[in-house]
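Notes to accompany the following structure.
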Amino acid sequence: MLNYRLVFICFILPLNIPQYLKASTEKPLNILILYADDWRHDTLGCAGNPIVKTPNLDSLAKNGIRFTRNCVTTSICGVSRANLLTGQWMSRHGNQAFAMFKTPWEETYPSLLRKNGYYVGHIGKWHNGAFPKEKYDYGKSYAGNHWIKQTNGEMIHVTKKNEDDALEFLKTKPNDKPFLLTVSFFATHAVDGNPKQYLPQPQSMELYKDVKIPIPVTATESHFKKLPPFISNEKNEGRNRWHWRFDTPEKYQEYMKNYYRLVTEVDATSGKIIAELEKRKLLESTLVIFTTDNGYFHGEHGLADKWYPYEESIRVPLIVMDPRMPKSKAGKTNDEFVLNVDLAPTILNASKIKPPITMQGRNFAPLYLEENIKDWRQEFFYEHAIIKNKDFIPASEALVRKDMKYIFWPDFNTEELYDLKADPLEENNLIKSEQHQESLKLLRIRFNELKADAK
């Protein structure tokens with residue numbers, strides 16, 4: 001049995017997960033997906049964030065692999081979850097916001113795993129129309145508030161409920177079946193109708209109390225005014241939510257500290273779930289994945305929330321601990337483009353189930369199971385539909401590469417171009433730059449090709 005210590009303060013200290021777990025070649029892997037909300041790629045201690053405390057996820061990265069350029073193909077809750085389930089771009093699965101996707105359920109990875117003998121569970125946020133509870137062996141869907149009234153009238157924090165339900169799943173699942181469990185956290189999503197937005201648990205309030213959260217260098221009025229005029233106005237929802245959370249220095253400190261407290265609570269719950277796997281001797285046969293549904297602006301560009309194709313919005317964490325992974329890969333990072341549409345085919349391949357041909361993502365396990373993968377993607381197509389109207393959240397599209405990004409706003413026939421190597425904070429739009437016009441022509445051609453491929 002593995003040795004580890006749990007010290008309870010407001011969070012769990014990192015688990016002593018072994019650096020290499022020998023996978024059984026005879027039995028299919030169990031699958032655990034820890035899926036958080038509104039949480040961008042650098043909101044992790046192991047990603048270089050000097051403030052936030054994520055000891056359990058840091059330990060997961062130390063004993064697994066962390067992908068530094070994992071991106072979503074649409075940065076909004078409902079669509080991103082449909083991408084996860086179907087392995088498809090929005091253009092193919094058809095959910096442009098929060099409705100049920102049009103892809104047949106039988107082509108999703110939970111359905112395929114259940115059909116092939118897995119005990120399948122979903123806990124927490126759904127956001128794809130009505131929750132199909134009958135499609136799961138263990139299904140509990142809830143979100144929208146940080147505090148939830150239980151049947152006995154008592155209030156429970158949504159992250160604590162995620163934890164209780166996940167532990168119940170592990171304690172009550174059948175022992176003769178492999179399992180798939182998705183823990184879909186509502187945190188760190190704000191409670192949009194609450195003036196305080198982020199409502200952590202009381203025991204977390206001492207965390208970050210005496211810390212000053214650095215304000216991003218691009219969180220200025222001048223950076224806001226550099227955006228296209230249909231974004232840099234007070235009608236835009238990204239600006240509206242900036243006023244909710246970040247429009248004074250005092251408010252910025254209060255709201256970011258509470259946001260980070262929610263992060264640490266998710267980290268603590270993740271640690272408890274992993275500890276339960278270890279206790280039940282399941283860790284060495286379980287593929288553990290931590291990721292999130294979209295990125296998040298912390299005031300950058302004078303914005304809040306997500307939606308738009310800028311780096312803060314589209315890049316999200318991805319940590320994988322796979323029992324099949326060679327010991328030499330433990331604790332490493334990978335800089336290849338991995339997308340949320342890649343998770344479904346990766347999970348199916350780990351379960352020895354052939355993905356349906358309708359899945360557009362790609363199994364990324366060879367990036368950590370094999371050496372010298374030379375034909376991996378170097379670019380991808382980003383898309384986001386209009387929400388309500390073009391003044392509220394306009395549609396956006398992009399061709400994203402590591403060195404360049406081309407953005408197109410179809411509602412306004414407007415373009416942006418960024419040199420990400422020279423300008424990683426996306427401060428200087430080069431769309432009118434004479435020296436980039438030839439490259440721009442080629443980018444437009446490639447953009448249209450990838451857009452067609454997404455359908």
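Assorted remarks:
- In terms of surrounding Cβ atoms within a 10 Å radius of their Cβ, MET90, MET256 rank from fewest to most as MET256, MET90.
- Pairs spanning more than 31 Å between alpha-carbon atoms, out of LYS402/LYS455; LYS133/LYS160; LYS272/LYS402: LYS272/LYS402.
- On the principal axes of its alpha carbon atoms, segment 127-189 extends 35, 26, 23 Å, with the longest extent given first.
- Candidate lysines - alpha carbon under 18 Å from LYS405, same-chain residues fewer than 8 apart omitted: LYS226, LYS306, LYS421, LYS432, LYS441, LYS451
- Positive-end residue of TRP307, ASN56, PRO366, charge dipole of segment 30-379 with Cβ unit charges: PRO366
- Equivalent-ellipsoid semi-axes of segment 202-293, from the Cα gyration tensor, Å, largest first: 37, 18, 10
- Pairwise Cα inverse-distance average, inverted: Kirkwood Rh of segment 298-455 (Å): 17.8 Å
- Residue-count net charge about PHE230 - beta-carbon cut-off 14 Å; Lys, Arg +1, Asp, Glu -1: 0
- Normalised contact order of the chain, rounded percent, pairs of Cα under 8 Å and 6 or more residues apart: 25 percent
- When the helices of the chain are scored as -39500 (n - 2.57) per DSSP H run of n ≥ 4 and the total is divided over every residue, the value at 222 nm lands at -8000 deg cm²/dmol.
- Note on LYS135: aspartates and glutamates with a C-alpha under 14 Å away, same-chain residues under 8 apart excluded, are GLU106, GLU107.
- Each 20 Å bin from zero up to the one holding the largest Cα-Cα distance in segment 30-379 carries the following percent of pairs: 31, 60, 9, 0.
- Taking the Cα centre of segment 30-379 as origin and assigning +1 to Lys and Arg Cβ atoms and -1 to Asp and Glu Cβ atoms, the resulting dipole is close to 500 debye.
- Using a Förster distance of 51 Å, the FRET efficiency for LYS160-GLN437 (Cβ separation, nearest 0.05): 0.35
- Residue exposure sequence - TRP242, TRP147, TRP89 - by fewest surrounding Cβ within 10 Å: TRP147, TRP242, TRP89
- Legend: distances between Cα atoms for LYS115/LYS354; LYS209/LYS251; LYS173/LYS327; pairs beyond 20 Å are LYS173/LYS327.
- Charge dipole of segment 334-455 about the Cα centre (unit charges at C-beta), most positive-ward option of SER433, ASN448, LEU343: LEU343
- HIS189, HIS243 arranged by Cβ crowding within 10 Å, fewest neighbours leading: HIS243, HIS189
- Convex hull volume per residue for segment 75-161, taking Cα atoms only, in Å³: 104 Å³
Any read-out appearing in this document is the output of simple, stated calculations on the displayed coordinates, not a laboratory observation. For clarity, every value in this text was computed on a predicted model and none was experimentally measured. Don't worry about glycine lacking a Cβ; one is built from the backbone with ideal geometry, like all the others, and counts go over all protein chains shown.
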